[in-house]
Amino acid sequence: MVISGRIRLVQETGGQYGVLVFMPVYQKGPFYDSPRSRRSGLSGFVLGVFRIGDIIEAGLKDIRSKNIDIIVSDATEPDRPLLYSGNGAGQRNQDGLQWSTKLEVADRQWLLEFSMGTGETGRVTWNMLGVLAGGLLFTILIGMYLLTQERYTARLEISKEAIRLNEARLDALYRLSRMTNASEKELTDFALEECVRLTFSRIGYLHFINEDQKSLRLYSWSKDVLRECSAEKEQHYPLENAGVWADCVRQRNPVIHNDYQSLKDKKGYPGGHIHISRHMSVPVFDNGKIIVVAGVGNKAEPYNESDVRQLSLFMNDMWKIYNYNRMQKERERLISELRDSLAKVRTLSGLLPICSSCKKVRDDRGYWSQIESYVSEHSEAEFSHGICPDCEKKIYDELEKLKKSR
């Protein structure tokens, strides 16, 4: 509920002031337990117009005395505009008993000031003033209790929202870990859409930092950017030329820009680029080096530390899953190559029965074959024939003897 400041009603002829009271009306359905859900379920408002004097007169009609003066002003405003005066002049009675208190009225503070004269009528109304003071004190205590309950409820809603986001993040990480057959691009695209969803953003991007830590490589844009942005997308950015969206790399910390258009250091964006109103980015570290930058933008409400925490936790866990999948695929590739290599290798082992005279080898079927044939058949070895010096001498000596004998 919201109450306006003091207004003068156009139909008023008696000099009274009034206030407007706005009460939201929600669609019939589930319990709206967060600002986002209440905004989406809002149907409209009920407007009430009230005369302040009528409210106060009706509330005090049974205990009101002509010697008690009541002045009500709006303490929310710096000049404390008058809302009601019992004597009609707005002047405080400086004689006699003075007492004042502040009353929470929706989102505003009203100051109630009581004064009582010193005459005979004033003396006989002490009991009535005591009842009035007791009633106001009780009202203040009830108001403080309701305020405490409201703050507790607000903290409870914040806690519920944090739990819901944590559960959503863990669920997204679980689904990401199950994408064992997905490509690296499919993993990062899925992770980026989850970043946009978890932070209630509309757009998102993912950049990899090159090994030199001086340039960035565009890897993914979220689906909404691809649909709405017609600007040419550069794949590589030198860090020194990048805009404020790369501040998280320069500062090595998450960065929030809740009023992006008013930033003095921004370098703008080319024609056809999607409009940016808010922006948040976080770096992901591996062994002290920044390897990934994840950014989101255009959330309906300002980004806060909860958004930073959710995005940082999700992206750090995403990088672990990404690396694990990469190592698993590399392991499978190496195992496959090793199996292919082993399949091509045939080795000889055990005892080989060989003829001591002709050097033929007997195989498992009992056949004798030349040693060259046997080795070639049972291994990858191939033979190239030549003559050793001893055989050469023996053969040529025999040829010389044959020539002489003729």
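The values are calculated or read from the model by the stated rules, or taken from the named source; none is laboratory data. Keep in mind that what you see is a predicted model, and the values were worked out from it rather than measured. Positions of Cβ are generated from backbone atoms using ideal geometry, with glycine treated the same way; all protein chains shown enter the neighbour counts. Protein only, heavy atoms only, side chains kept; ligands, DNA and RNA dropped before computing areas. Shrake-Rupley method; radii C 1.70, N 1.55, O 1.52, S 1.80 Å.
Across region 241-247, rounded Karplus estimates of 3J(HN,Hα) from the backbone phi angles (6.51 cos²θ - 1.76 cosθ + 1.60, θ = phi - 60°) give 9, 6, x, 5, 5, 9, 4 Hz, Gly and Pro being marked x. Remark: region 201-215, residue by residue, has Karplus-estimated 3J(HN,Hα) of 9, 10, 9, x, 8, 9, 10, 9, 8, 5, 4, 6, 6, 10, 8 Hz, where x stands for each Gly or Pro and the curve is 6.51 cos²θ - 1.76 cosθ + 1.60 at θ = phi - 60°. Its residues counted as N, region 290-406 yields a C-alpha radius of gyration over 2.2 N^0.38 Å of 2.59.
A 1.4 Å probe over all protein chains sorts Asp247, Asp259, Asp397, Asp74 by accessible area into Asp259, Asp397, Asp247, Asp74, starting with the largest.
Rounded to the nearest Å, what's the spacing between the alpha carbon centres of region 176-220 and region 384-406? Just the number, please. Answer, in whole Å: 77.
Using heavy atoms of the protein chains and a probe of 1.4 Å, the accessible area assigned to Leu206 is about 0 Å². Accessible surface of Arg175, taken over heavy atoms with a 1.4 Å probe and every protein chain present, rounds to 90 Å².
Here the contact order of region 162-222, divided by its residue count and restricted to Cα pairs under 8 Å and six or more residues apart, works out to 27 percent. The amide H of Leu83, built 1.01 Å from its N in the peptide plane, has Val72, Ser73, Asp74 as neighbours under 5 Å, considering only residues 5 or more places off or on other chains.
The phi torsions of region 250-261, fed into the Karplus equation with coefficients 6.51, -1.76 and 1.60 and a -60° offset, translate into couplings of 5, 8, 6, 8, x, 9, 10, 10, 7, 9, 4, 5 Hz, rounded to whole numbers, with Gly and Pro shown as x.
Given contacts defined as C-alpha pairs under 8 Å and at least six residues apart, what's the relative contact order of region 277-396, whole-number percent?
14
Can you give the local net charge around Pro283? Use residues other than it whose beta-carbon is closer than 13 angstrom to its beta-carbon, Lys and Arg +1, Asp and Glu -1. Net charge around Pro283: +1.
Ranking His275, His385, His378, His257 by solvent-accessible area of protein heavy atoms (1.4 Å probe, all protein chains present), from largest to smallest, gives His385, His275, His378, His257. Sorting Asp171, Asp364 by solvent-accessible area of protein heavy atoms yields Asp364, Asp171, largest first, with a 1.4 Å probe. In this structure Ser369 has an accessible area near 30 Å², from a 1.4 Å probe over the protein heavy atoms.
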